[in-house]
Each structure stands twice: as structure tokens, then as C-alpha cells.
1. Test B:A215 against the criterion of being away from chain A (no Cβ under 11 Å), crowded, with 20+ Cβ neighbours inside 10 Å, more than 30 Å from B:D170 (Cβ to Cβ) and among the small types (G, A, S), and give yes or no.
2. Restricting to helices (runs of 4 or more DSSP H) lying wholly in region A:63-163: which have 1 or more residues that are of a type in the set (A, V, I, L, M) and under 26 Å from B:Y73 (Cβ atoms)?
3. Please specify each residue of region B:46-93 satisfying the condition of being in a helix (DSSP H, G or I) and of a type in the set (S, T, N, Q).
4. Within region A:52-89, how many residues are surrounded by 14 or more Cβ atoms within 10 Å (Cβ to Cβ) and either polar (S, T, N, Q) or out of contact with any His (no Cβ under 8 Å at 6 or more places or on another chain) (or both)?
5. Could you go through region B:230-238 and let me know if any residue there is surrounded by 15 or more Cβ atoms within 10 Å (Cβ to Cβ) and over 27 Å from B:K282 (Cα atoms).
6. What is the residue count in region A:21-46 for residues that are charged (D, E, K, R) and either surrounded by 13 or more Cβ atoms within 10 Å (Cβ to Cβ) or touching a strand residue (DSSP E or B) at 6+ places or on another chain (Cβ under 7 Å) (or both)?
Amino acid sequence: MTRGRQRLEPTFANLLLIVLEGAWSIVVGLSVTFINFWRKKVTDRYPHRDPNRNWQPRPGYRGDFALITDKETGKLRCIACQQCQKICPDQCILVVPEGKGKERHPTEFYIDAGLCMYCWLCVEVCPADAITMTPDYETATDNPRKLIRDLDYLRGGVVKASG
Amino acid sequence: MTTETRTRTEELTINMGPQHPSTHGVLRLVLTVDGERVVEVVPHIGYLHSSMEKIAEHLTYQQYLPYADRYDYLNAMGNELAYVMAVEKLLGIQPTPRCQYIRVMMAEMNRIASHLVYFGTLGNDVGAISVFLYCFREREALLDLFEAVSGQRMLYHYFRIGGLRNDLPDDFCDGLAQFLDYFPSRIDEYDRLLTKNRIFRSRMEGVGYLSPEDALSFGVTGPCVRGSGVDYDIRRADAYYIYPQLEFDVPVFAEGDAMARHLVRQEEMRQSVRILQQCVEKLPRGEVNVKVPRRIKPDPGETYARVESPRGELGCYLISDGTEKPYRLHWRAPSFHNMQAYPVMCKDAWIADMVAILGSIDIVLADIDR
């Protein structure tokens, strides 16, 4: 059976060649490392932020959720149509509506951030442009119950505890 | 010393994995070894099974799209591409020219990103850790571009049926062109650091031989089959979208060993840079989205769409029964088929070579188990 490329026979001359070549490879490899030694640093010391290099996600980043408040009326834009609840592939949204017609609004609005896969489908489907995702990515907690966002949180009234 | 004078040895069965760091996930290999020689390898898969195909059956066509990202997570854009191609085939939709260009660009960028992970992890496996750091630095630049486009760094959910989530941001092409300017010189650096390194070559040359006949009979595709001297690339063999208009070479190496597969991937990155440069130059203006109904209900029928993923032929088989949900979805996962050739490659190999061979197949366990 043909075996393609063969390994070198372990004769003395070949072994010497390998050792010399290996030594030269190390010199060449270290020269690459040396070049990179002087290149610009790309890492951040997270969470100890360097104020000169304050990294932020790009605009449009899909992070934590928020419901948008209408500036003129001061009320939530949400019309409780439950479209987001229907399209969510993970079924992590629960909207409890109240009222009819123009008065329709949510009394309860839950999003389980632990289930969510941040796919943006709810934002796309919303007819009132009421739900969105913020660039806030630091949502880790020690308690899964804290991941369930309720109406107060989504309104942006909750000030996040740091750490 | 001839074989007759050697001491009689006994075969030993040992487990490699499921937590072995070189298996890139949770893969269990049951080895039968004779001393340091491998006699038999039996891969046990399924530890990462997530019923990706069954999930599709109770979700609508749009809802399944974010799941397509999650199945081969290093090639999320490529999976989305295969899935939307399949659904659009069922619906009889042709995406706009600009959309086709952007989709091809995303797939090629993701190919580079995936090959960079391969480079890094392979270097890590065979003991060259600095390559890993450099590769991930370059990948970071690509992920930043993906983030600017889609809002996520890994599981993008950027393609939509009939178009895209949004058009490219204004500064995207400049950012990409900047990356393409310096990236080929970085590939040369990996070449000096890793590929031309005598120690690395000693680990890779002549190990894990796969003959072209075996490769074809196991259904091996992608860089693995091109490393065995078979010129087979879906981008050429069953060209989709704008690939016929683009100039690129399909690298083929005939040696069939781990080094050949490695060289194919290294050359593929250069070709992807070429493709991306042409795309940036030719990118047409215009609409990106085709109008599709809000409720997608394809006519009953079946379809198969395939794309060239970084690991090989990625196919999506869809059956529609005329409702909003697919009746059946099947992924033709390239890693799964490539993995089947692994016991053949490992025949008579040293235990130490197995890690290098496994690295040279470039498996993604989520892709194997689905």
C-alpha cells in the first residue's frame, strides 16, 4: 500500500539534519514572536478598565432588553399585541394585556434572559417599535431568578447593582 | 532489532476523552493500543447531541434560523446560508445581487475565522501555544466586523429568508479592506512560525494518511478530501450565487497526510482573501431584501441545498408539507462524515500522532452530534 509521504529514516545524518533544522526553526519562530512583542497590545484588563481604552460594543449590539417609553406621552409604546410572545423561538416572553383598542397596554411583561438567545426576532416583529435590545452585555448574576426581567426593569427604572 | 526478537506485548484498551482537551469538545475515543502503537480506534459520539433537527419540526421557518447558527458554531454564517438557500429554493425566491454578494462575503469571512480557530487549536494541540494567541488576535478583528454588521460576535442570525437583517454599515467595507491589507502578511507569519517549523513538520508529515479512494468512499469532503488529491469544492462543482464570476483557485495537495490537509487550509485562507477583495471591489448597490410573505408557507415538496463550509459539504435537506413548519429537516454535517475516516487515518499511528491527526480533520463536535 502506498502511504503518501514517508517519515525520514532515523539515520545519523538525518537526525543531525533534523536537529539543525529544528534549531533554525526555533530562531525563525522566535523572530516572529519578537516582532509581535513590539506590536500594539490588543487585550484589555477586564474588569479593571483602562480609562483610555474603554471598550464598548458596536452600535446595534444585541444585549439586555428594554421597553421604549414614548417621549410625548410618557407611556410605554407597547400595545400588548403579544406578537413578540408568539414569534419567540424560546418562548421566554410573557405579556399580560389589559384594555381594548387604543387603551390596550401590558400590565405584566416578563422576559426570561436565561432562556433568551438574543435573536432579535421580537424586535423585528414589533409593530410599535416598542421593544429593543441595549448594548449592555454585563448581565451575569449569581441567581437565575434575577434574570427574569419584569416591567419595572424593562422600563429602565432599575439601577443595576454593580459587581 | 527485528520483530522476532521483540518481547511479546499485550493489547490494552484505554479511553481518550470525553474530557480530553484535544478532542475540541466532548468526543470519546476508545483506543486499543499495543505499546505506543494504535491498533484500533472506535469514536463514540453523541455527547453534544442537541436535537437540532427535531427542534425544526415544531418551529416556523423564521424561528428556526437562529438555531442554525448554534449547530456548527464556528461557521454560523455558513449554516444560515445553507438553511436560507434551502428555504428560498422551496419558495422559489432568488435574492438580489447585492444580497448575494454580502452573503458570499460573510461566508468567506467566516471561513477565514474558522480556519484561524483551526490553526490556533492545532498549534495548541501539538505544543505551539503562541500561534493560538496570534490567530485569535486576527479572528478578533473579523469578529468586530461581524459585530458591527449583525450585533453579535458568534451567533449572528444575520441572514433572513429573502434577504438580510440589515444592509452593511457604512464603514464596513473600509474596515474589511483594512483587514485584507494586513492579513496576508499575518498568514506568512504563521507560515514561518508553524508550517515551516521543523518540529511541527515532523509531527504532521507522513501521519494520518488517507487515500483518495478511502476519502471518497467515506464521503469525506472539504479540506480533508482536497488534502488527498481530489479536486472537489462545492463552490466549483455546484457553484452557487456569484462564485462563477469570481476568480479563485481551489488548493489541492496530493500527499494525503495531516500536513497536506493543513496546507490546504492555509492556502484556502489566502484564496478567501482574494475572493473578499473582489467582492469589496464589485459590491453592487441596490436593495438587499426581496419581499416575502410574513407567514412563510412553502408548497409541499422537498429540497436540498449545499454550500462549502470550512469543513466540507454542508447540506440542508428540507421537506415541506405545506404548513408553516418544516416537516423534516436534515443537516448533512461535514464533520460527521470526515470523522468516519478517522479510524482509517489512525491505523498504525503512534498515540502521540492521534492528536495531530484529529486536529488536522478540524472537527466541531456540535456539528457531528447536532
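The values are calculated or read from the model by the stated rules, or taken from the named source; none is laboratory data. Treat the numbers as computed from the prediction; the structure is a model and nothing was measured. All Cβ positions, even for glycine, are placed from backbone atoms using ideal geometry, and neighbour counts span all protein chains on display.
1. In short, yes.
2. Numbers: elements: A:83-87, A:121-125, A:151-154.
Correct list: A:83-87, A:121-125.
3. Keep residues of region B:46-93 that are in a helix (DSSP H, G or I), which gives B:52-58, B:61-71, B:73-91.
Correct list: B:Q62, B:Q63, B:N75, B:N79.
4. 22
5. Quick first cut of region B:230-238, residues surrounded by 15 or more Cβ atoms within 10 Å (Cβ to Cβ) only: B:230, B:232-235.
The next check asks that each one be over 27 Å from B:K282 (Cα atoms); those that pass are B:230.
Scanning region B:230-238, I find at least one residue that is surrounded by 15 or more Cβ atoms within 10 Å (Cβ to Cβ) and over 27 Å from B:K282 (Cα atoms), so the answer is yes.
6. Within region A:21-46, the subset charged (D, E, K, R) is A:21, A:39-41, A:44-45.
Filter again for either surrounded by 13 or more Cβ atoms within 10 Å (Cβ to Cβ) or touching a strand residue (DSSP E or B) at 6+ places or on another chain (Cβ under 7 Å) (or both), leaving A:21.
Summing the residues that are charged (D, E, K, R) and either surrounded by 13 or more Cβ atoms within 10 Å (Cβ to Cβ) or touching a strand residue (DSSP E or B) at 6+ places or on another chain (Cβ under 7 Å) (or both) in region A:21-46 gives 1.
Here's the yes/no breakdown for (1) more than 9 Å from chain A (Cβ to nearest Cβ); (2) modelled with pLDDT of 90 or more; (3) at negative phi; (4) in a strand (DSSP E or B):
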| position | (1), (2), (3), (4) |
| --- | --- |
| B:D170 | yes, no, yes, no |
| B:F179 | yes, yes, yes, no |
| B:D191 | yes, no, yes, no |
| B:I199 | no, no, yes, no |
| B:L210 | no, no, yes, no |
| B:A239 | yes, no, yes, no |
| B:A254 | no, no, yes, no |
